[in-house]
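The values are calculated or read from the model by the stated rules, or taken from the named source; none is laboratory data. What you see is a predicted model; the values in this text were computed from it and never measured. As a convention, Cβ positions derive from the backbone with ideal geometry for all residues, glycine included, and neighbour counts pool all protein chains shown. Note: accessible area is taken over every heavy atom of the protein model, side chains too, but ligands, DNA and RNA are not part of it. Shrake-Rupley method; radii C 1.70, N 1.55, O 1.52, S 1.80 Å.
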Amino acid sequence: MSGSKKTFFCWGVSHHSAPIEYREKISPNPSQMEAIYKSLNEKEWIGELTILSTCNRLEIYGASYESHYRELANAVGKELKVDSSEIFEKSIILEDRDALLHLFSVTAGLDSQIVGEVEITGQVKQAFLHAAKQRTVGTLLNKAFQKSFQSTKWIRTNTNIGKGQINVATVAVDLAMKVFGRLHNSTALVIGAGDIAEKTIAALRSRGVRKLIISNRTFGKAQELASAFGGSAVPFESLDCHLLQSDVVLCSTASPEFILTESRMQTFLKKR
């Protein structure tokens, strides 16, 4: 088998093939990610391996001697505790040139829900570096990913795709500006304290928001962001009263459940 030609492949589930509710179910936590790497690395037919997990996709890029994608789906489904038949039915399989073009498209942000968003390039790099630490990257994957980074750099240098630094945070804030026109007199509430929440706060400040409220389950993290950006941190338990006072509410958390449900928001809309 060692003399056989390897096939570069991409197997995965993304926003093209599954709704967000399902993608949240198959988003691996750190221990599950390690378990998936261990399980797949033991498969003799897989020569190289890199796993990319974002809010929009769970994709496995690999170099294989044979094609046993249902076996791959079974291994992933087992570690994530989801039905392996369902995850296989929702998966997309690409090989060789098609898989390579897909990797280039993903890395450059061309395959994102918001075309041109910049976070994905860093996420692909982190996935590649993590795989390298797992010692699952060989010559084929190394060359493929390095070329994808080079092509992304060329695209962002020679085209307007990155104009305005498109990302989820700026798109959300720009939408608020379309509603209110100016945000100087608006009260903005940001729920969450992660990377996207921080980018959202920065975008709000750059667009003139003066009154900024930050809430997070871990109050200390909310306080850190409030101190850095000149806002007010409020306990997550008192969120309801601040929802009532806010004009713009942006939520970005890792919660497996919805924070701003339809019934919850209807209650506040009636009181405003």
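Quick notes on this structure:
- Euclidean distance of C-alpha centroids, the range 134-164 and the range 192-268, integer Å: 34 Å
- For the listed residue pairs Lys221/Lys270; Lys90/Lys133; Lys43/Lys81; Lys5/Lys78; Lys5/Lys90; Lys25/Lys90, the alpha carbons are over 22 angstrom apart in Lys221/Lys270; Lys90/Lys133; Lys5/Lys78; Lys5/Lys90.
- Computed lengthening from Phe219 to Val115, 0.36 nm per intervening residue step minus Cα-Cα distance: 34.1 nm
- P(r) tail, the chain: Cα-Cα pairs separated by more than 35 Å, 28% of all pairs.
- A DSSP coil position with no more than 16 other Cβ atoms inside 10 Å describes the following chymotrypsin sites (Phe, Trp or Tyr not before Pro) in the range 178-272: Phe258.
- Note: relative contact order over the chain, using C-alpha pairs below 8 Å and six or more positions apart, is 15 percent.
- Take every Cα pair under 8 Å whose residues are at least 6 apart in sequence, average their separation, divide by the length of the range 1-158, and the relative contact order is 29 percent.
- Ligands, DNA and RNA left out, the accessible area of the range 38-102 computed with a 1.4 Å probe is 44% carbon and sulfur.
- Environment charge of Lys25, counting only residues whose C-beta is closer than 11 Å and scoring Lys/Arg +1, Asp/Glu -1: -1
- Relative contact order, percent, the range 72-190 [alpha-carbon distance under 8 Å, six or more residues apart]: 23 percent
- In terms of the mean number of neighbouring beta-carbon atoms within 10 Å, the peptides 133-142, 6-15 order highest first as 6-15, 133-142.
- Rounded FRET efficiency, nearest 0.05, which uses the C-beta distance separating Asn158 from Ile93 and R0 of 51 Å: 0.95
- Considering only Cα atoms, the convex hull volume of the range 7-134 works out to 93 Å³ per residue.
- When Ser27, Ser206, Ser151 are compared by accessible area at a 1.4 angstrom probe, the order from most to least is Ser206, Ser27, Ser151.
- Solvent accessible area, Å² - Thr54, 1.4 Å probe, full protein context: 20 Å²
- Of every Cα-Cα pair in the range 195-272, the percent that sits beyond 13 Å: 69 percent
- Debye equation applied to the C-alpha atoms of the range 160-230, log10 I(q)/I(0) at 0.17 Å⁻¹: -0.60
- Heavy-atom accessible surface of the range 115-210, averaged per residue, reaches 55 Å², computed with a 1.4 Å probe.
- Each part reduced to its alpha carbon centroid, the range 15-43 and the range 60-133 end up 10 Å apart.
- Counting protein heavy atoms only, the range 176-272 has 51 percent of its accessible area on carbon and sulfur, 1.4 angstrom probe.
- Mean ellipticity per residue at 222 nm, deg cm²/dmol - from DSSP H runs of n ≥ 4 across the chain, formula -39500 (n - 2.57): -15500 deg cm²/dmol
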